[in-house]
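Presented below is the structure to which this report refers.
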Amino acid sequence: MEIIITKGKNRNTLTCKRKDGTLTSVNLGPDIPNHDIAHYVVEKEFKLENGFYGKIKSGMTIEELSDKEIIRNLGSETWLSEIMTRNLQSIGSGAAKTEQFIELINWEAQNFSGIRVPNMSLTDIENMKSEFDKLCEKWNLIPENGELKLIF
């Protein structure tokens with residue numbers, strides 16, 4: 001699946017184009033798409049097939065994944081993806097230290113039944129943070145109407 005984040009003057013757009021040619025798209029508003037980039041990095045690194053992008057790849061729309069009623073029933077891997085994404089953003093912004101990532105994931109995951117936290121090392125986290133930082137920097141350098149394209 002191709003993930004395309006388009007930079008607009010006052011609005012950014014997230015579009016996901018599946019292999020069968022179908023797509024789903026949403027206006028992100030003026031927000032920097034760091035959360036969407038973090039989802040990509042986490043789900044790719046840990047091969048999460050039922051995270052945000054995995055669900056889109058399987059046919060769900062971005063709008064469906066924004067519906068609170070649907071979100072409640074998505075399953076433990078979707079929640080794991082969200083927890084890991086938020087915490088990657090935290091270490092990316094400096095709100096948490098890289099060394100704290102695994103502890104934060106384990107602490108937050110215990111509040112949800114059925115979440116199985118994958119084995120991960122500090123090196124895994126450092127590599128993930130490095131990729132996240134590189135993609136965010138790449139986004140910052142993209143001109144208006146330019147695109148960041150990712151393959152999931």
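The values are calculated or read from the model by the stated rules, or taken from the named source; none is laboratory data. These numbers were taken from a predicted model, which means no experiment stands behind them. Quick reminder, even Gly has a Cβ in these numbers, built from the backbone with ideal geometry, and neighbours come from all protein chains shown.
Side notes on the structure shown:
- Number of positions in the range 46-88 that are of a type in the set (D, E) and either part of a helix (DSSP H, G or I) or closer than 15 Å to I105 by Cβ (or both): 4
- Of all residues in the range 131-152, those being closer than 17 Å to H39 by Cβ and assigned to a helix (DSSP H, G or I) number 8.
- S58 vs. criteria at pLDDT 95 or above, loosely packed, with under 11 Cβ neighbours inside 10 Å and farther than 18 Å from I37 by Cα: no
- Filtered residues of the range 21-54 (kept if aliphatic (A, V, I, L, M), touching a residue at least 60 places away in the same chain (Cβ under 8 Å) and surrounded by fewer than 18 Cβ atoms within 10 Å (Cβ to Cβ)): I32
- Subset of the range 103-130 that is outside any loop (DSSP other than H, G, I, E, B), under 17 Å from the mean Cα position of the chain (by Cα) and among the β-branched types (V, I, T) - its residue that is farthest from T78 (Cα to Cα): I125
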